[in-house]
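Colleague: Got a structure here, written out as structure tokens. Questions coming.
Read-outs: derived from the displayed coordinates by stated rules, not from any lab. What you see is a predicted model; the values in this text were computed from it and never measured. Neighbour counts run over all protein chains shown; Cβ positions are idealised from the backbone, glycine included.
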Amino acid sequence: MPRPDLQLDLDRAVTLRQLRTFKTVADLKSFSLAAQRLKLSQPSISYQVKELEEALGVPLLDRLGKKVQLTEAGTVLYGYARRMLDVLDEAKVAVEEIRGIKRGTLRVGASTTVGIYLLPAALGAFKKLHPGLVISLEIGTRERVQEQVLNSELDLAVVGPALKDPELAIIPFLSDELVVVAPAGHALAGKKHLDLKDVAAQPFVMREAASGSRWSLEKAARKAGAKLHVAMELGSNGAIKHAVESGLGLAVISRYACALEFASGRLVELDVRGFPIRRDWHIVYLRKRKLPSSVHAFIEFLKGTSWLSRNGSRGVRPPTD
């Protein structure tokens, strides 16, 4: 039987857009973050939730300062909304299966390095094979893009060290190398077999704590018993490379991301014991979701790696067992 506190005002239709907005606010516990995620204004988000609450005749969210939490009625509706949106996604997949991959969408997320330096070439090559596809690429932290995969906001993500989750399938498909870089003319440049303990005493310019490259460096430092001297945190590889060139410190960064700087001589790779650190890039997608044919095709395309040579990509290779 329907609950008395969830009686629907039939004169005011509940829309899928309202349900998706409500679910996103509930997932992120924030109207402002939901607005960023859905690329809408915050007043638009608030209006859609208000319309939904008025249609159902009950409050769905408690506003606690900048944070929100579900009411009892909101908790009930959330479960139904999630199932309805999942069914809608399944319906879209079923229709796309009928028409193949001549048309459709492909929503890809990526962590910073692979998203900037690798995936554009892969997506460009895939788009040439399937010109009718509408492709989008969202770049963010691995936590963010994996969360978006879990919420079915992205079809798949490509990240470095993936965060394990039983709901996610995680497939290694390419190997990269992290190297210690310094500006040309640095006192350590050209020296052989440097110890990480000694190098760690130098100032380091690093990515934010959530980044895969920083996670790999800190793991190597712990293993070597070295204490890192973090002089600066920056949010992109480009900013880090400029900082190193300017003499603000050393950095650990993808060899692939530094290819142009190495070729021009603006940056040099230091010979440090334990480096380069090999890491795999991973394809991540939702296990329970029936993937559209376009997503299946793109996963196989990435795993095939033939696009690497076609697009002049160097510094990465298929993972070895």
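Colleague: Out of residues 5 or more away from S152 or on other chains, whose amide H comes under 5 Å of its own, with H placed 1.01 Å from N in the peptide plane?
Modeller: Placed amide hydrogens put nothing under 5 Å from S152.
Colleague: I need the phi-derived Karplus couplings for segment 259-276: 6.51 cos²θ - 1.76 cosθ + 1.60, θ = phi - 60°, integer Hz, Gly and Pro marked x.
Modeller: Karplus values, whole Hz, x for Gly and Pro: 4, 5, 5, 5, 5, 7, x, 6, 10, 10, 8, 8, 8, 10, 4, x, 10, x.
Colleague: What list do you get for H193, H296 if you sort them by fewest beta carbons within 10 Å? It would help to have the intermediate numbers written out before the result.
Modeller: Details: H193 7, H296 15.
Ranking H193, H296 by Cβ neighbours within 10 Å, fewest first, gives H193, H296.
Colleague: Let me ask another. Would you mind putting 159-167, 139-147, 20-28 in packing order, based on average other-beta-carbon counts within 10 Å, highest first?
Modeller: Working: 159-167: 15.8, 139-147: 19.8, 20-28: 21.3.
Answer by packing, highest mean first, reads 20-28, 139-147, 159-167.
Colleague: Based only on other Cβ atoms within 10 Å, what is the fewest-to-most ordering of S294, S211, S152? Could you put the intermediate results ahead of the total?
Modeller: Working: S294 26, S211 23, S152 17.
Placing the least packed residue first, the sequence is S152, S211, S294.
Colleague: Here is a further query. In what sequence, highest mean first, do 243-255, 227-239 appear when ranked by Cβ atoms within 10 angstrom? Before the final figure, lay out the partial values.
Modeller: Values: 243-255: 20.1, 227-239: 14.9.
Output ranking for 243-255, 227-239: 243-255, 227-239.
Colleague: So what's the angle, to the nearest 10 degrees on a 0 to 90 scale, between helix 119-129 and the longest Cα principal axis of the chain?
Modeller: Long axis of 119-129 versus the principal axis of the chain: about 60 degrees.
Colleague: Let me ask another. Going by alpha carbons, how many degrees (0 to 90, nearest 10) lie between the helix axis of 212-224 and the longest principal axis of the chain?
Modeller: 50 degrees
Colleague: Name the long-range amide H neighbours of V68: under 5 Å, sequence gap of 5 or more, or other chain; modelled H, no Pro or chain starts.
Modeller: Under 5 Å from the amide H of V68 lie the amide H atoms of S30, each far enough along the sequence or on another chain.
Colleague: Give the order of V87, V179 when sorted by the count of other beta carbons within 10 angstrom, beginning with the fewest. The partial results should precede the final answer.
Modeller: Working: V87 10, V179 24.
Listing V87, V179 from fewest to most nearby Cβ atoms yields V87, V179.
Colleague: Here's something else I'd like to know. For the chain, give the share of DSSP beta bridges that are antiparallel, in percent and rounded to the nearest 5; count only bridges with both residues there. If you can, show how the numbers build up before the last one.
Modeller: Numbers: 25 of 41 bridges.
Within the chain, antiparallel bridges account for around 60 percent of the total.
Colleague: Provide the per-residue ³J(HN,Hα) series for segment 235-252, in order, calculated from phi with Karplus coefficients 6.51, -1.76, 1.60 and θ = phi - 60°, each as a whole number of Hz, with x at glycine and proline positions.
Modeller: x, 8, 5, x, 5, 5, 4, 5, 5, 5, 4, 7, x, 7, x, 8, 8, 10
Colleague: List the residues, sorted by chain then number, that are 5 or more residues from E233 or on another chain and whose placed amide H is less than 5 Å from its amide H.
Modeller: So E233 has HN proximity to M206.
Colleague: Let me ask another. How large is Rg/Rh for segment 176-278, to two decimals, with Cα atoms and a Kirkwood Rh?
Modeller: Numbers: Rg = 12.1 Å, Rh = 13.3 Å.
Rounded to two decimals, Rg/Rh equals 0.91.
Colleague: Please get the size of the charge dipole for the chain, origin at its Cα centre, with Cβ charges of +1 on Lys and Arg and -1 on Asp and Glu, quoted in debye to the nearest 20.
Modeller: Details: 47 positive and 35 negative charges, 138 e Å.
Dipole about the Cα centre, nearest 20: 660 debye.
Colleague: Another question, if that's okay. Here are some values of Kirkwood radius over Cα pairs in Å: (i) 22.2; (ii) 23.6; (iii) 20.4. Which one was computed from this structure?
Modeller: Only one option fits the structure, namely (i).
Colleague: Here is a follow-up. When ranked by the protection proxy of mean other Cβ atoms within 10 Å per residue, highest first, what sequence do the peptides 271-282, 106-117 form?
Modeller: On the way: 271-282: 18.5, 106-117: 23.4.
Highest-to-lowest ranking by the protection proxy: 106-117, 271-282.
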